[in-house]
Amino acid sequence: MTKATVAAVVRPNESHPGTVLLTRRNVPPFMGQWCLPGGHIDDYETAEAAVTREVLEETGLQFTSPAFLHYFNEVFPKYGFHAVVLAFHGTGTGTLQLMPEEVKEISWVPLHEALELPLAFNHQHILRHYAKHFHL
């Protein structure tokens, strides 16, 4: 059955839209690969609440004023994974905290470098859409 998930394009502040936060997954699928913070929407949880919760759980940051970017299909039969991901963008505030149960590494990355990485899920497509949206 198709799942609903969220992904966050987190920037350090409004004046740095060309820098994004990536996490290296410590869980399957795509274990060890870089991706955007995000995850499943819980029962009875709004998408905005889910993306804010996931950013906090994975990075320790508050995800302020999440703005909807676009939806994306993620279909990976190899992993038995089918989701519709709702992507948001916004600012991360606070201090980065590694949450090793889900994430093994966190890094602020220039967008042009992130666009060159083999990201997990369809996060490369999300970042390309983000770059186009902000003319970066």
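Taking residues in segment 42-69 that are over 18 Å from residue 94 (Cβ atoms), and partners anywhere that are aliphatic (A, V, I, L, M) and part of a loop (DSSP other than H, G, I, E, B), the pairs with Cβ atoms closer than 8 Å and at least 6 places apart or on different chains are 47/41; 50/41.
Does segment 70-92 contain any residue that is touching a Gly at 6+ places or on another chain (Cβ under 8 Å) and over 14 Å from residue 20 (Cα atoms)? Yes. Checking each residue of segment 114-129 against the condition of being surrounded by 13 or more Cβ atoms within 10 Å (Cβ to Cβ) and free of Cβ contacts under 8 Å to residues at least 12 places away in the same chain gives at least one match. Put simply, of 32, 38, 18, 92 the only residue that is closer than 18 Å to residue 128 by Cβ and touching a residue at least 60 places away in the same chain (Cβ under 8 Å) is 18. Restricting attention to segment 82-113, the residues that are over 17 Å from residue 26 (Cβ atoms) and at pLDDT below 95 total 2.
Only one of these conditions is not met by residue 44: (1) of a type in the set (Phe, Trp, Tyr); (2) over 12 Å from the mean Cα position of the chain (by Cα); (3) closer than 20 Å to residue 124 by Cβ. Which number is it? Tallying (1) of a type in the set (Phe, Trp, Tyr); (2) over 12 Å from the mean Cα position of the chain (by Cα); (3) closer than 20 Å to residue 124 by Cβ, residue 44 fails exactly one: (3).
The values are calculated or read from the model by the stated rules, or taken from the named source; none is laboratory data. As the structure is a computational prediction, the values presented were derived from the model and not from experiment. Please note: Cβ atoms are built from the backbone with ideal geometry, for glycine as well, and neighbour counts cover all protein chains shown.
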